[in-house]
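Report on the structure given below.
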Amino acid sequence: MKKFNWKSLIPHAVAIGIFLVVATLYCKPVLQGKVLSQMDITQWTGMSHSAFEYKEKHGHLPLWNTHLFSGMPDYQVAMEGHAFLPNINAILTLGTPKPINFFFLACVCFYILCVVLRANSVVAILGSLAFAYCSYDPVIISVGHDSKMWAIAYMPALMAGLLLLYDKKYILGFLLMAVFATMEIGVNHPQINFYFAIIAFFVTVSYAIRWIKQKEWKHMLIAGSLALVAVGVGLANSSITLLTTAEYTKYTIRGGKLIDTNAKGEITQAKTKGLDEDYGFSYSAAKNEFLTFMMPDALGRSYGGAADLTFDENSKFVQTLENKGIPENNAANFGQSARMYWGGIFPSTSGPVYLGAIICILFIIGMVMVDSKYKWWIFAACVFAVVISWGKYFADFNRLLFEHLPLYNKFRAPSMAMVIPQFLFPLMAVLALQKIFFTDGGKALLQKNFKKILYAVGGVFVVLLLMYVANDYSSATDADVKSFADTKLGGIGSTLVYAMQQDRKSLFGTGILEALGFAVITIGIIYLFLKSSVKPVYLVLALLIVNTINLLYVDNNFLNEQSYQDDESYNADNFTPNAAEAEIMKDTGPHYRVLSVASDWTNEAQTAYFLRCIGGYHPAKLSIYEDLIENQIMKNNQSVLDMLDTKYIISPPQQQGQQYAAIPRSTNLGACWFVKEVKFVDGPVAEMKSLDNFNPAQTAFVENSFKADVPQQPGADSSASIKLVSYDNDDITYTSSSSTSQFAVLSEIYYPAGWNAYVDGKKVNYVKTDYVLRGLYLPAGKHNIEFKFEPESYNRGQEYTYIGNSMIWLAFLAFLWSVWNERKKKIKTAA
């Protein structure tokens, strides 16, 4: 019996080493004790801090967060569950720090796919680095979209499992797919999961057509069934996240609206089942946005940051200002602030999706050289992705999908669909290089198709030149520039806009020349392979080095040394209480909230790091609370602030040298109170309008649908009382006493998907009150009242997680058995 060939592992070890070295060099500030300054992660730290403080005290994270938007499920902020699987993420990333771990993991997962496709290791390294260092990755990492980055990184390994199943490697394919479906789904970025499902759909259709032609009915049934079961295992292992998210979504704007505001500013009834189309299509990519795949600055660059590309002193924009008499310094400042970007992603974009000019050229070559088994589904998926990324710019088609494609109306930012080409372009490049350099007959096939390659690549550049001539280089923001220049700069608006457009044209032309240079390098290396005896591995290595340097050069515009801070200054800048917060923190009362008007209080969570807020930061707020913000709090309705127990207002410094001020409010109503009367209203519109002018201490408004749970009006009793006894995130207790029936209003957010009410130990119904709060009818007498947060979705998800964990272990044992059995057969055959 032959011993295991340990030398076969050397190429893989080298690949792992290269991935680690490149990621470490690119992210070297983290090894100097610095941390990434990521806006979204800073916000997440603020909104999750109280939950982790709770865990230090109680040993587990709470399920309800009291510090955001007067209260919301904490499992949409920080959540934990129990499992008996190892920490697969830590294993695959070798415990490397952030952001090294992101890039390293993306490389490893793509490399796994390349190994499954039997690609040469140098080709696999090239493709892996191209996938991991596409400019979109440093862009999203820099702003803190961590879950998105994890989901993107895991896609190739999940695809590897699917392809193994479809190529009749059932046990290994199932194990790999089940493990990486668990990881892909578990990072909780459903939109990236959705885009992977689109890729899997095109793959499956392509394979199914071939199976049907070859009448492989049995294999089609087995492979399809195992793929579905593997996805089911992933869903089971992620079911705590999925079930709670699915439940929560119903109560957010992603699940639909109860009310809306028309053009006249009037509140109207709305019964949508997802996002509004305008909101869902925000951040749509322009139809020419895909040109950034090959030319990162094709549409200009105005993304922010130290390496931002702006109109410099040599630009026609600045020179025009100077020629019109604008002082040099003022002209330079205008050039720094003007928007060079002329694409379609508004209100802003943080960077392009640059795949690498070499990768794009290899994609074109792949369309000539790669087997139909792969190239057509790759091409179809990429085209579909580009089309759906257009969103509102191709509205008729995308509206059809928005209205009928399952889950599609839950997502916004159609431009995110560019992650599909980000994955598939490097895959096509790998297949093309493998076909040309490392497949029997590849050189002969290249010789036969070399002219086709030249025509295809040349045709692309002819189209780019035609676009260079035909583009008007205008932007939706040009009108603002023109208006400002006409009003403030003496009527030079048209001239200035024209100059700006000429600068954009110049940049577009430069992009074409740079891409052409990379095309010449790529074609030249392939031609060298045809005409010389240079070893293929050296030629591919040359492409690898040039492509990686090019990608890292572009990436450095978006994630660089300026993206990091030392840990001490980061915490001092973001998580040190200001004077007002420090003053309020002296108030140890168990139940009060604050409103910080010192910032955009609906989009910041640093205040929540210290205090319970009526504001906060979260991409999916409860829709009833969003309605309250838009229709009442934004209009400075003091009665609404009272019912939310807003005890303090934080105001910004009024003059230089002053500090933030804590302004106390004496009219806040506390944690609970009895009202004199309950008024029933017909529907959410009437309920919202009722809050325009009311006294929450005297009157409560309840929808008619809850009338059965309030059998009679409160009785007169001047001595009636209700008070808060204990206030825990997931368990709140009160006591009450009255000689007549009463109606209690509790200053807690209404969320029926888990909050249960118990009076004297007996479960009772409570009602939605004053649009967002909880109300409870209480009969005469003394009562102990308890509210418990007991979401069934969480408990059920934990049960499913154990089932999913068990199935992965069974699949792993089956794989070990198959290896042992195969080894046993080889021994027997050799004997």
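The values are calculated or read from the model by the stated rules, or taken from the named source; none is laboratory data. Being a predicted model, the structure only gives us computed values, none of them experimental. FYI the Cβ positions are ideal-geometry reconstructions off the backbone, even for glycines, and counts take in every protein chain you see. Surface accessibility is based on the protein's heavy atoms, side chains included, excluding ligands, DNA and RNA. Shrake-Rupley method; radii C 1.70, N 1.55, O 1.52, S 1.80 Å.
Return yes when LYS213 is among the basic types (Lys, Arg), in a helix (DSSP H, G or I) and open to solvent by 10 Å² or more (accessible area, probe 1.4 Å) and no when it is not. Yes, satisfied.
Can you tell me which residue is least open to solvent (accessible area, probe 1.4 Å) among those in segment 414-471 that are aromatic (Phe, Trp, Tyr) and within 21 Å of PHE508 (Cα to Cα)?
Taking segment 414-471 first, the residues aromatic (Phe, Trp, Tyr) are 423, 425, 437-438, 450, 455, 461, 468.
Add one more test, that the residue is within 21 Å of PHE508 (Cα to Cα), and what stays is 461, 468.
Details: PHE461: 17, TYR468: 72 Å².
If we take residues in segment 414-471 being aromatic (Phe, Trp, Tyr) and within 21 Å of PHE508 (Cα to Cα), then PHE461 is least open to solvent (accessible area, probe 1.4 Å).
Within segment 467-492, being part of a helix (DSSP H, G or I) and within 36 Å of the chain's Cα centre (by Cα) holds for MET467, TYR468, ALA470, ASP478, ALA479, ASP480, VAL481, LYS482, SER483, PHE484. For ALA306, state whether it is surrounded by 16 or more Cβ atoms within 10 Å (Cβ to Cβ), at pLDDT below 85 and not β-branched (Val, Ile, Thr). For ALA306, the condition - surrounded by 16 or more Cβ atoms within 10 Å (Cβ to Cβ), at pLDDT below 85 and not β-branched (Val, Ile, Thr) - is not met. The residue of segment 789-807 that is nearest to ILE732 (Cα to Cα), among those that are touching a Gly at 6+ places or on another chain (Cβ under 9 Å) and either of a type in the set (A, V, I, L, M) or in a strand (DSSP E or B) (or both), is PHE789.
In the set ASP692, ASP682, ASP717, ASP731, which member is open to solvent by less than 60 Å² (accessible area, probe 1.4 Å), more than 35 Å from the chain's Cα centre (by Cα) and of a type in the set (Asp, Glu)?
Details: ASP692 fails: open to solvent by less than 60 Å² (accessible area, probe 1.4 Å); ASP682 fails: open to solvent by less than 60 Å² (accessible area, probe 1.4 Å); ASP731 fails: more than 35 Å from the chain's Cα centre (by Cα).
Among ASP692, ASP682, ASP717, ASP731, only ASP717 is open to solvent by less than 60 Å² (accessible area, probe 1.4 Å), more than 35 Å from the chain's Cα centre (by Cα) and of a type in the set (Asp, Glu).
Remark: pairs (first residue in segment 34-48, closer than 14 Å to VAL77 by Cβ; second residue crowded, with 19+ Cβ neighbours inside 10 Å and polar (S, T, N, Q); Cβ separation under 6 Å; 6+ apart in sequence or on different chains) = GLY46/GLN606.
Kindly indicate which of VAL540, VAL520, VAL497 is free of Cβ contacts under 8 Å to residues at least 24 places away in the same chain, of a type in the set (A, V, I, L, M) and open to solvent by less than 20 Å² (accessible area, probe 1.4 Å). Spell out how you get there, then give the answer.
Numbers: VAL540 fails: free of Cβ contacts under 8 Å to residues at least 24 places away in the same chain; VAL520 fails: open to solvent by less than 20 Å² (accessible area, probe 1.4 Å).
None of the other options fit; the residue is VAL497.
Filtered by the rule that a residue be assigned to a helix (DSSP H, G or I) and open to solvent by less than 60 Å² (accessible area, probe 1.4 Å), segment 523-537 gives ILE523, GLY524, ILE525, ILE526, PHE529, LEU530, PRO536, VAL537. Close Cβ contacts (under 7 Å, 6 or more residues apart or on different chains) running from residues in segment 616-632 that are at negative phi to residues that are at pLDDT 90 or above and of a type in the set (Val, Ile, Thr) comprise LEU622/ILE749; ILE624/VAL772; TYR625/ILE749; TYR625/VAL772; LEU628/VAL640; LEU628/VAL772; GLN632/VAL640. Within segment 771-807, the set of residues being open to solvent by 20 Å² or more (accessible area, probe 1.4 Å), aliphatic (A, V, I, L, M) and touching a helix residue (DSSP H, G or I) at 6+ places or on another chain (Cβ under 9 Å) comprises ILE803, MET807. Here segment 329-360 is the region considered, the condition is being within 29 Å of ALA417 (Cβ to Cβ) and polar (S, T, N, Q), and the residue that is surrounded by the most Cβ atoms within 10 Å (Cβ to Cβ) is THR349. Consider ASN756 carefully, then state whether it is modelled with pLDDT under 90 and of a type in the set (S, T, N, Q). The answer is no for ASN756. When restricted to residues that are in contact with a Gly (Cβ under 8 Å, 6 or more places away or on another chain), open to solvent by less than 10 Å² (accessible area, probe 1.4 Å) and outside any strand (DSSP E or B), segment 752-770 contains 0.
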